[in-house]
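Student: First the structure, then my questions, so here it is.
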Amino acid sequence: MVYTLASKDDLIGISFNCGSEYIDKYFSEELLDDDDAVSYCFWADARKQELVGIASLSCSGIIIRSASSFNITPAVEVKIFAVDERYQHTIFPGADEDAGHWSDYCWYYLMEIVYGITDKHCGAGHIVLYSVPDAVTFYKRHDFKAFAELMAMPSNMVIDGCIPMFLNL
Amino acid sequence: MALLAAPRKGAFLIDSRDADILNTRSGAVLEALQKIRKAEASGKDTTRLRQLDEGISTLRAKGR
């Protein structure tokens, strides 16, 4: 697998169908023009003929609220993370004994991207995202925690069934 | 599972009394680099493998 910044040249003639109408539309209409995010493509190999997954990253933060103030700790937000239907629930050919799926390896490469950003360009100590309900176990397997389960107060909203989660880097 | 994360216009908010949970390191980046290193071990790009090794060493040195 290789990853690249999403580019017009690479995506000519490339199809992507993750099964979500919203994301498939985002891929075809907004991926390259979204000013609030930088998008990455995960390819099956260096020939870049088969698109395995896409991810979009944005600057974000976690608001820490006390009785008298608000503080923000910096974070990287995974705005979108989706895997093409052909690669869902399929074991990655280079996986070790844990038999990780293509989605797991897209995630590992995304972590490498985030590390490259936070180590050299723009610091942040956390990754945040809104997980679709079916993906919560995926993220927990990758050390994420759901805000709502940890909070003394219900300080985070579940939006359209999506669960706010965070990972400490 | 088609879509793993979706864009939502909601802030991420935590009460200061719970904020200690943000201070523990996860080791997730180190694990990711190790998985990638293993997957790419048979590749011929030695520069890439050296880059991954350096990243892994740095994270280990930092205790992450």
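Student: Quick one: which of B:Arg8, B:Arg37, B:Arg25, B:Arg17 is in contact (Cβ under 8 Å) with a residue 12 or more places away in the chain, facing chain A (nearest Cβ under 7 Å) and of a type outside the set (A, V, I, L, M)?
Tutor: B:Arg25
Student: Scan region A:134-141 and give yes if some residue there is assigned to a strand (DSSP E or B), more than 7 Å from chain B (Cβ to nearest Cβ) and in contact with a strand residue (DSSP E or B) (Cβ under 6 Å, 6 or more places away or on another chain), otherwise no.
Tutor: no
Student: On to the next question. Of all residues in region A:1-28, count the ones that are within 14 Å of chain B (Cβ to nearest Cβ), in a helix (DSSP H, G or I) and of a type outside the set (Ser, Thr, Tyr).
Tutor: Looking only at that region, the number is 5.
Student: Related question: What number of residues within region A:30-72 satisfy the criterion of being under 18 Å from A:Gly116 (Cβ atoms) and outside any strand (DSSP E or B)?
Tutor: Going through region A:30-72 one residue at a time, the tally reaches 1.
Student: For region A:58-65, check the following and say yes or no: at least one residue is in contact with a Pro (Cβ under 8 Å, 6 or more places away or on another chain) and under 27 Å from B:Glu40 (Cβ atoms).
Tutor: No - not one qualifying residue is present in region A:58-65.
Student: Next question, about the same structure. From the set of residues in region A:96-132 that are more than 7 Å from chain B (Cβ to nearest Cβ) and modelled with pLDDT under 90, which is farthest from the chain's Cα centre (by Cα)?
Tutor: Among those residues, the one meeting the criterion is A:Glu97.
Student: Taking region A:73-95 as the region of interest, how many residues are closer than 27 Å to A:Ser7 by Cα and outside any strand (DSSP E or B)?
Tutor: 10
Student: (1) closer than 14 Å to A:Ile113 by Cα; (2) of a type in the set (A, V, I, L, M); (3) more than 13 Å from the chain's Cα centre (by Cα): which one isn't true of B:Ala28, the others all being true?
Tutor: (3) is the only condition that B:Ala28 fails.
Student: Could I ask something else about it? Determine whether region A:116-130 contains at least one residue that is without any contact (Cβ under 8 Å) to a residue 24 or more places away in the chain and under 16 Å from B:Ala28 (Cβ atoms).
Tutor: Within region A:116-130 (the criterion being without any contact (Cβ under 8 Å) to a residue 24 or more places away in the chain and under 16 Å from B:Ala28 (Cβ atoms)), the answer is yes, since at least one residue qualifies.
The values are calculated or read from the model by the stated rules, or taken from the named source; none is laboratory data. Source: prediction; values computed, not measured. A quick note on method: Cβ atoms are made from the backbone with ideal geometry, for glycine too, and the neighbour counts reach across all protein chains shown.
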